[in-house]
Structure formats: C-alpha cells, structure tokens
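Q: I'd like to ask some things about the structure below.
Every read-out reported here was derived from the displayed coordinates using simple, explicitly stated rules and does not represent laboratory data. Please read these numbers as outputs of a predicted model, since none were measured by experiment. Using ideal geometry, Cβ is built from the backbone for each residue, glycine included, and neighbour counts are taken over all protein chains shown.
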Ligand SMILES: Cc1cc2nc3c(=O)[nH]c(=O)nc-3n(C[C@H](O)[C@H](O)[C@H](O)COP(=O)(O)O)c2cc1C
C-alpha cells in the first residue's frame, strides 16, 4: 500500500484487482461524496478528420462495463469529430482525492430509447434550449440566443418538448483505463488496464 499523504487508495496498487469496473465505481462514489461541484465532469478529447485534437468538459451520465455515457448535440464540433473518428479519450481529475482516471475507447451512439428517457428527465428549459442552441455554430450575440429560446418556448407552450433528433447519448468503451493516485514527492501510483478481445483485462503498474 502507498504511504502517501492523500486519502487511502481504494486499491492495492501492487496487487490490483483483475477488474477495473468496480475500481472506477468506488473511486467515483468517493468523488461524489466530496463537497465539490460536478464530480462527474470529465474532459472529452476527440480528434477531427484532419488529425487536430480538441477537448472540452462533458458530464458523465452513466457508467457500466459497456462504457462511460454522456449526452450532447450530435451536430456540434465534438459530434462531427466523433462521426469522423470514433476513438476518444476521457479524463477525470478529482483534486481533493489526488486522483486522476484516464479512459480511452471507441464511441457508440446510445439508442433512441435511452436518449429519450434521459432527455425527458431534464428541466423543461434545458429541453427547450437543446432546440435553441446550434451547438458550436457562430451566433451574433446573446440577444439572438435569447430570442431563439423565447420563440421556441412559445412554440412548445403547453406541449411536451421532444428530444431533438440530433441530440442524444454517446457511450465510450473502456478499452484502456488508468488509475492514478498522487503520492509524496511525485512518487505516484499508476495502474493501467487494457482490455483484450475476450473482455478480460491485462493490468500493469506504470512508473509515475
Ligand atoms: C462543467 C461542464 C459540464 C458540461 N457538460 C456538458 C455535457 O454534458 N454535454 C455537452 O454537450 N456539453 C457540456 N458542456 C459544454 C462543453 O464543454 C462544450 O462547450 C460544448 O459541448 C461544445 O463543445 P464542442 O464545440 O467541442 O462540441 C459542459 C461544460 C462544463 C464546463
């Protein structure tokens, strides 16, 4: 076990468990118990057709063996980049725990049913604004954005706001997942899990 200054690691880095999924679940639960906003915030890195990487924060909305799920506009920059290249990376940093988790995998679109279900639980104004915002496209000014939102609010008045067809879930497969625990004087602990074709994981400790 580490002798570090941070919180006790949930894992014994010298004898890591064979399965990374419960490890992530435990670390995430611990992050969620902290007095910190958005412990589910993760940086999503995508690569465009021209090879240019880009990164932005999105919120984790579901995690399982099948992958890490988030929701977005499929006509956004990230949406276009994912359509061109499904290989992405995710990054969590929980500073109060001195922990980082890196995930690499391939993205699949979540099905209509689960996207509908998630969309239906959002506040009505968020649902309207999913229609109002052409995410990642230029807009003249704030007033224009608000005008569109008001116009759509009127259009949907008294009606259920349906999910825009270009808005939905994405799931990133857990092909590679690394757990990093900070320790004294930069002698941090790192283990990386790499998934094999049969779904089992190979695990290796890495130098910090
Ligand atoms: C804390 C936080 C959470 C966010 N969550 C999401 C999200 O879940 N989905 C999303 O599309 N954008 C989210 N955003 C906005 C994105 O970071 C980004 O600005 C937007 O998706 C457009 O990115 P793109 O132009 O690269 O497609 C979030 C931003 C922050 C700071």
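Q: Only strands (runs of 3 or more DSSP E) wholly contained in region 42-149 count here; list those with 3 or more residues that are touching a residue at least 40 places away in the same chain (Cβ under 8 Å) and within 11 Å of the ligand (Cβ to nearest atom).
A: 67-73
Q: How many residues are within 16 Å of the ligand (Cβ to nearest atom) and in a loop (DSSP other than H, G, I, E, B) if we restrict to region 7-34?
A: Residues in region 7-34 being within 16 Å of the ligand (Cβ to nearest atom) and in a loop (DSSP other than H, G, I, E, B): 1 in total.
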